[in-house]
Amino acid sequence: MPPEEFRRYGHQLVDWIADFLTNIDEHHVLPAIKPGELRAQLPQTPPQAGEPMHEILADVDRLLMPAMTHWNHPEFFAYFSISSSGPGILGEMLSAAFNVNAMLWKSCPASTELEQVTLDWLRQMMGLPKEFWGIIYDTASISTMHGIAAAREQLDDLELHEHGMAGRKEVPRLRLYASEHAHSSVDKSALTLGLGKAGLRKIPTDTQFRMQPEALQRALNEDRAAGWRPFCVVASVGTTSVTSIDPVPAIAEICARENLWLHVDAAYGGSAAVVPEMRWVLAGCERADSLVVNPHKWLFVPVDLSAFYTRKPEVLRRAFSLVAEYLRTPQDGEAENFMDYGLQLGRRFRALKLWFVLRYFGAEGIAARIREHLRLAQQLAGWIDAHPDFERMAPTSLSLVCFRAHPSHVHDKEELNRLNEKLLDAVNATREVFLSHTKLNKRYTLRCAIGNIRTEEHHVQHMWEIVQQQLGRLLADPQSVIQKETF
Ligand code: PLP
């Protein structure tokens, strides 16, 4: 691409992005599209000859936009609402332009050293101890897998690095513990690391969906007696379904006593600790062996960027270091080569977008935005509590509000579930807002996750009006599957 052409389309694209973000309210959050519809409009064979850039960009508007779910929309409240901020987008652009592979210090000193510095800034912003050493992976799932791999590596008497686990009678069955509300990435890590589903024991939670430390202790005692070798506990600070916060201080105490690696999944909830009065969310985490927090979730950094911290980088390194001759450099031993601390060799320059975001907003700017999300969640919780036809399904500890419709004349559990499922469908069918759901104690629950940098009070208000309108419509509509008379 000739430089002049790059410049022209580069300016055009930045203008397009600026307009898109400025007018994002005018778009629907969800597309009106059926599976396969976009695919059917695209050529089934690759272009043989090059196509002009203006045609490619025109197809973004013509073909892609109608098929987009807008995660950057201020009324995207599904899953965990995430957002790419202006500085984050610019950082991402620049990192594509540099296109470095940050596997070794030598392969790009700027990337390695910016990663060290930005992760240390973030550590300080969250109030974590100085000994926490950080590395960037792509996602929390991968971070957690690395944490558990390090936990397994710590069992050095088993010499797993050298001899593996399979077919060795002298290796006991290893077990990992997490609450029944822990993210499925813990299960997937167990599968990946050869522990199998049986290698993960789920610990029951209390009425507020937090791991019960006494149940953890009982499980450990039972398992040791039955010949298992417990080696790791994953505690959650902000579970996916309800953002419950496990009692990390009590869990850390058990881990210390039982000599177990403690990994904390704070993928979403950890960001709240940037707000000084919310530091308590990470209470006890200073004792963790490893911890993950995702700046791509609630710190306005574009997907993907997951920050992993450990106080034992040497154990992680032992688990993954395997240096091929062509990768040896004169700086080995003097500089950090991040490829030694994980599965992947090639690494993107992700620290750049984190650097842009942290510098542009500053710790105070980020804290102010997160504080506002927390306020909006409390406000929505108040509206729900005050409404006779709705109820909250879990404490609103962070910025996620779990609720359901519960009109006073509806008592049957299954009918309530059907009503709420219908309600979610009806709300999302407006395409003006996007909510997601979970099941809590078999009760269908709507989730409203507030966390987008562009979300303001009127957006939350609009979502709440839509929910109320749709419930009214469902209860009034005699043709609806859920008819008032059937309750
Ligand atoms: N942990 C928690 C608590 C989550 O909520 C999620 C995803 O929402 C993850 C881990 C996985 O995150 P990622 O998509 O970065 O792998």
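Each reported figure results from applying straightforward, stated rules to the coordinates on display, with no laboratory input. For clarity, every value in this text was computed on a predicted model and none was experimentally measured. Positions of Cβ are generated from backbone atoms using ideal geometry, with glycine treated the same way; all protein chains shown enter the neighbour counts.
Data for the structure
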quantity: Residue order, fewest to most beta carbons within 10 Å, for 79, 268; calculated: 79, 268
quantity: Cα centroid of the range 116-139 to Cα centroid of the range 431-481, whole Å; calculated: 36
quantity: Unit charges on C-beta of K, R, D, E only; dipole of the chain, Debye; calculated: 1040
quantity: Taking the C-alpha atoms of the range 1-135, convex hull volume expressed per residue in Å³; calculated: 192
quantity: Relative contact order of the chain, pairs being alpha-carbon contacts under 8 Å that are 6 or more residues apart, as %; calculated: 21
quantity: Compactness relative to 2.2 N^0.38 Å, alpha carbon Rg of the range 362-487; calculated: 1.10
quantity: Distance histogram in 20 Å bins (all Cα pairs of the chain, percent per bin); calculated: 21, 50, 27, 2
quantity: The range 237-292 - Rg over Rh from alpha carbon coordinates, Kirkwood radius; calculated: 0.97
quantity: Reach of residue 169 by Cα under 15 Å, taken over aspartates and glutamates that are not fewer than 8 positions away in the same chain; calculated: 157, 159
quantity: Entries in 188/312; 106/130; 188/413; 34/202; 197/353 that, when Cα-Cα distance is taken, lie over 30 Å; calculated: 188/413; 34/202; 197/353
quantity: Neighbourhood charge, 13 Å Cβ-Cβ cut-off, centred on residue 220 and excluding it, Lys, Arg +1 and Asp, Glu -1; calculated: +1
quantity: Top positive-direction residue, dipole computed over the chain with Cβ charges, set 294, 280, 430; calculated: 280
quantity: Signed unit charges on C-beta, dipole axis of the chain, positive-most listed residue 463, 91, 50; calculated: 463
quantity: Sum of side-chain charges, residue 269 neighbourhood, beta-carbon under 11 Å (Lys, Arg +1; Asp, Glu -1); calculated: -1
quantity: Ascending count of other beta-carbon atoms within 10 Å, so fewest first, for 108, 255; calculated: 108, 255
quantity: Fewest-first sequence of 391, 5 by Cβ atoms within 10 Å of each Cβ; calculated: 5, 391
quantity: Total charge dipole magnitude, the range 101-348, about the Cα centre, Cβ charges on Lys, Arg, Asp, Glu only, Debye to nearest 20; calculated: 500
quantity: Whole-number Å³ per residue for the convex hull built on Cα positions in the range 101-348; calculated: 124
quantity: Between the range 85-112 and the range 169-241, the Cα center-to-center distance that results, in Å; calculated: 37
quantity: Summed residue charge, Cβ within 12 Å of residue 11's Cβ, Lys/Arg positive, Asp/Glu negative; calculated: -1
quantity: Mean shadow area of the range 183-225, taken as a quarter of the surface of its Cα convex hull (nm²); calculated: 3.4
quantity: DSSP beta bridge pairing in the chain, given as percent antiparallel to the nearest 5; calculated: 55
quantity: From phi via Karplus (6.51, -1.76, 1.60), per-residue ³J(HN,Hα) for the range 25-42 in Hz, x at Gly/Pro; calculated: 4, 7, 8, 6, 5, 10, x, 9, 8, 9, x, x, 5, 5, 4, 5, 8, 9
quantity: Point-to-point label distance, residue 408-residue 163, nm (Cα→Cβ direction, 7 Å offset); calculated: 7.0
quantity: The range 92-138: trypsin sites (Lys or Arg not before Pro) in DSSP loop, at most 10 other beta carbons within 10 Å; calculated: 130
